[in-house]
Amino acid sequence: MIKSSVSWAASRNDNGAWASRPALSLNMKKYLLEEKALSVILAIQVLLVCAGVLARWDIFPWPLSFTEELTRYLLVWLACLGFSACWPREEMIRFRWPVEKSAIVSTILRWITLSACALFFTALLYSSIQMIALQWRYGQNTSVMGWPIVWVSLALPVVCLLFGWRLFVAWKKG
């Protein structure tokens, strides 16, 4: 197994000042499959946008009308997977409870926060599955490429399941 030393990265602390925090170790990064998917999606988006710009300048002998639509749908996946990748690092936008609290109050607030997250993502999972079922039943397709729109909507249940896994791990840690 590969072990890495702890490296330090800059981030803001609770007071808004810059502080050092340990960066993710190599061992933790191998579990973040979302980051690999995010890198691939971002690279594809850059290539598509560049190709679309070059096509507007008549560099290519054919029009590339699908680049804007595909980039937009990949952005949906990028946003959903990005949220899931931020959870283990605790780098997403969130509500912060008051700083001064006892251990019991801190534990109770943590359980309330995790329960609220579980409730939200359960409701999102249920409604996104209903949406996908309707899109599949009515055969909705993308406007330019003609692909089933379901593959774009699958980002929501995927992020709910990934977040559910992260929530389960956080709950298990206590």
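The values are calculated or read from the model by the stated rules, or taken from the named source; none is laboratory data. Since the structure is predicted, the reported quantities are computational estimates derived from the model, not experimental observations. Cβ atoms come from the backbone with ideal geometry, glycine included; neighbour counts cover every protein chain shown.
Tell me, which helices (runs of 4 or more DSSP H) lie completely within segment 98-174 with 3 or more residues that are touching a Pro at 6+ places or on another chain (Cβ under 9 Å)? Spell out the reasoning first.
Working: elements: 103-138, 150-153, 155-173.
Answer list for segment 98-174: 103-138, 155-173.
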Practice prompt. Select from segment 92-109 the residues that are without any contact (Cβ under 8 Å) to a residue 40 or more places away in the chain and charged (D, E, K, R) and write down the one among them that is surrounded by the fewest Cβ atoms within 10 Å (Cβ to Cβ).
Written response: Glu100
Discussion item. If I filter segment 120-150 down to residues being among the hydrophobic types (A, V, I, L, M, F, W, C) and in contact (Cβ under 8 Å) with a residue 40 or more places away in the chain, which single residue comes out as nearest to Cys86 (Cα to Cα)?
Written reply: Phe121
Worksheet entry | Positions within segment 60-89 being free of Cβ contacts under 8 Å to residues at least 24 places away in the same chain, outside any helix (DSSP H, G or I) and surrounded by 10 or more Cβ atoms within 10 Å (Cβ to Cβ), in sequence order | Phe60, Pro63, Leu64
Worksheet item: Could you say which residue among Leu134, Leu162 is surrounded by fewer than 16 Cβ atoms within 10 Å (Cβ to Cβ), of a type outside the set (Lys, Arg) and on the phi < 0 side of the Ramachandran plot?
Response: Leu134
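Within segment 152-167, restricting attention to residues that are without any contact (Cβ under 8 Å) to a residue 40 or more places away in the chain and in contact with a helix residue (DSSP H, G or I) (Cβ under 8 Å, 6 or more places away or on another chain), which residue is farthest from Glu35 (Cα to Cα)?
Initial filter on segment 152-167 (without any contact (Cβ under 8 Å) to a residue 40 or more places away in the chain): 153-154, 157, 160-161, 165.
Imposing the further condition that a residue be in contact with a helix residue (DSSP H, G or I) (Cβ under 8 Å, 6 or more places away or on another chain) reduces the set to 153-154, 157, 160-161.
Working: Ser153: 20, Leu154: 18, Pro157: 18, Cys160: 16, Leu161: 16 Å.
Residue satisfying both the conditions and the ranking: Ser153.
Per-residue answers, yes or no, for (1) modelled with pLDDT under 90; (2) over 18 Å from the mean Cα position of the chain (by Cα); (3) under 30 Å from Ser65 (Cβ atoms):
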position	(1), (2), (3)
Trp87	yes, no, no
Pro98	yes, yes, no
Ala103	yes, yes, no
Ile132	no, yes, yes
Thr142	no, yes, yes
Ala155	no, no, yes
Lys172	yes, yes, no
